[in-house]
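For reference, the structure is listed below as structure tokens.
The values are calculated or read from the model by the stated rules, or taken from the named source; none is laboratory data. Bear in mind that the values here come from a model prediction, so they are computed numbers and not experimental data. All Cβ positions, even for glycine, are placed from backbone atoms using ideal geometry, and neighbour counts span all protein chains on display. With ligands, DNA and RNA removed, areas are computed over all heavy atoms of the protein, side chains included. Shrake-Rupley method; radii C 1.70, N 1.55, O 1.52, S 1.80 Å.
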Amino acid sequence: MKKKIFSGVQPTGNLHLGNYLGAIKNFVTLNNDDENDCIFCVVDLHAITVSQDPTILRENIRETVATFIASGIDPKKSIIFNQSQVSAHSEAAWILSCIARMGWLSRMTQFKEKAGKDKEKASVGLYSYPILMAADILLYDSTHVPVGNDQKQHLELCRDIAQKFNNDYRVDNFFKVPEPLIQKEFSRIMSLKDGSKKMSKSELSDLSRINLTDEKDQILNKIKKAKTDSLPIPSTVKELNSRPEARNLIGIYSSLANLTLENSIQDFTGKNFSEFKEKLSQILIDKIGPISKEIKRLLKDKSYLDKILDDGCKKAENIASAKIKEIHDIVGF
Ligand code: TYM
């Protein structure tokens, strides 16, 4: 049995190194393995849970597709499509919202973070967003879902929703209960300015993240200004763990170099950060530079990107519409 891989990325602009190392790099590995059937979704319905400019959203959808391809996902092997074009997602989300419990959603830490202090003003969509995410995953009988660490709780909710639906309607194994694929070491890349905050698209300062469209000079500048501490690089991971900014930068280096934290530390023990930062900038320029160039090249060919989405939507529609028909039947419509 082939593994069925599904994951999604919001087209909200500024795709960054956290998205790449936490998720997209793993998508590429999974895409390259013939044992997998992969679907990568541009989740535009999720994007409008916060206000979006329609013209910019449309461009960001294309930019997300360009980023997938520039990173190494092959649209001939994997399905790439945007969520809004397959109506089963919205429909399944409604049906599953009648399965999910208020108490389950109220525990979602990402909603609490995103809604901030004034929860009354957050959109209902922002609150119910994990149900739409469950619909995305369950419509395709996905067995494995590669994500960064911040999506772990949403995946647990998805598993609960699948199990409750199967139990309530006595349809054993109708929804497959998916396994999260979260990397052990580098699944949470932190801000370059604050090692206690996740690297994020919505952070105001651009210096807090490496965008996948950044060029050499921007990378050099951001790494130069990245926060560190005054101590040299330690000799053990244990010591490193108590220094969040240092750990984050060495983690980024290790992930890009495909090394474990332990191995990277051995190379840099006792050295100061200025020396390490030079090496880090170089590997970023080597690995992110070509992706950035390719994204920009692909963005000039809108019809190519639109065609990938069109083809992907047709394939996704075939799978999802068959599943939603079965759901109708089970529910009694
Ligand atoms: P999104 O668009 O916020 O992020 C896309 C992917 O990038 C990962 N990620 C990170 N990983 C490590 N460090 C970081 N600083 C970092 N920031 C983001 C995320 O974990 C994610 O894997 N709800 C999802 C999208 C979604 C989805 C789905 C995912 C919708 N439906 C179905 C999987 C399956 C989201 O908003 O991701």
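A residue that is in contact (Cβ under 8 Å) with a residue 12 or more places away in the chain, assigned to a helix (DSSP H, G or I), more than 10 Å from the ligand (Cβ to nearest atom) and over 19 Å from the mean Cα position of the chain (by Cα) cannot be found anywhere in region 140-155. Restricting region 88-134 to residues that are among the basic types (Lys, Arg) and closer than 20 Å to residue 164 by Cβ leaves a set whose member that is modelled with the lowest pLDDT is 107.
From the list 46, 89, the one residue that fits, being open to solvent by less than 30 Å² (accessible area, probe 1.4 Å), within 12 Å of the ligand (Cβ to nearest atom), outside any strand (DSSP E or B) and over 24 Å from residue 208 (Cα atoms), is 89. If the condition is being within 12 Å of the ligand (Cβ to nearest atom), open to solvent by 20 Å² or more (accessible area, probe 1.4 Å) and not charged (D, E, K, R), then region 106-122 contributes only 111. Can you find a residue in region 261-276 that is under 22 Å from residue 182 (Cβ atoms) and in contact (Cβ under 8 Å) with a residue 40 or more places away in the chain? The answer is yes; a qualifying residue exists.
Of the set (1) open to solvent by 20 Å² or more (accessible area, probe 1.4 Å); (2) part of a loop (DSSP other than H, G, I, E, B); (3) touching a Ser or Thr at 6+ places or on another chain (Cβ under 9 Å), all apply to residue 174 but (3). Mind checking which residues of region 53-74 are open to solvent by 30 Å² or more (accessible area, probe 1.4 Å), of a type outside the set (A, V, I, L, M) and within 20 Å of residue 19 (Cα to Cα)? The answer is 58, 59, 62, 63, 72, 74. The single residue among 125, 103, 195 that is without any contact (Cβ under 8 Å) to a residue 12 or more places away in the chain and either surrounded by 17 or more Cβ atoms within 10 Å (Cβ to Cβ) or in a helix (DSSP H, G or I) (or both) turns out to be 103.
Among the candidates 292, 303, the residue that is assigned to a helix (DSSP H, G or I) and in contact (Cβ under 8 Å) with a residue 60 or more places away in the chain is uniquely 292.
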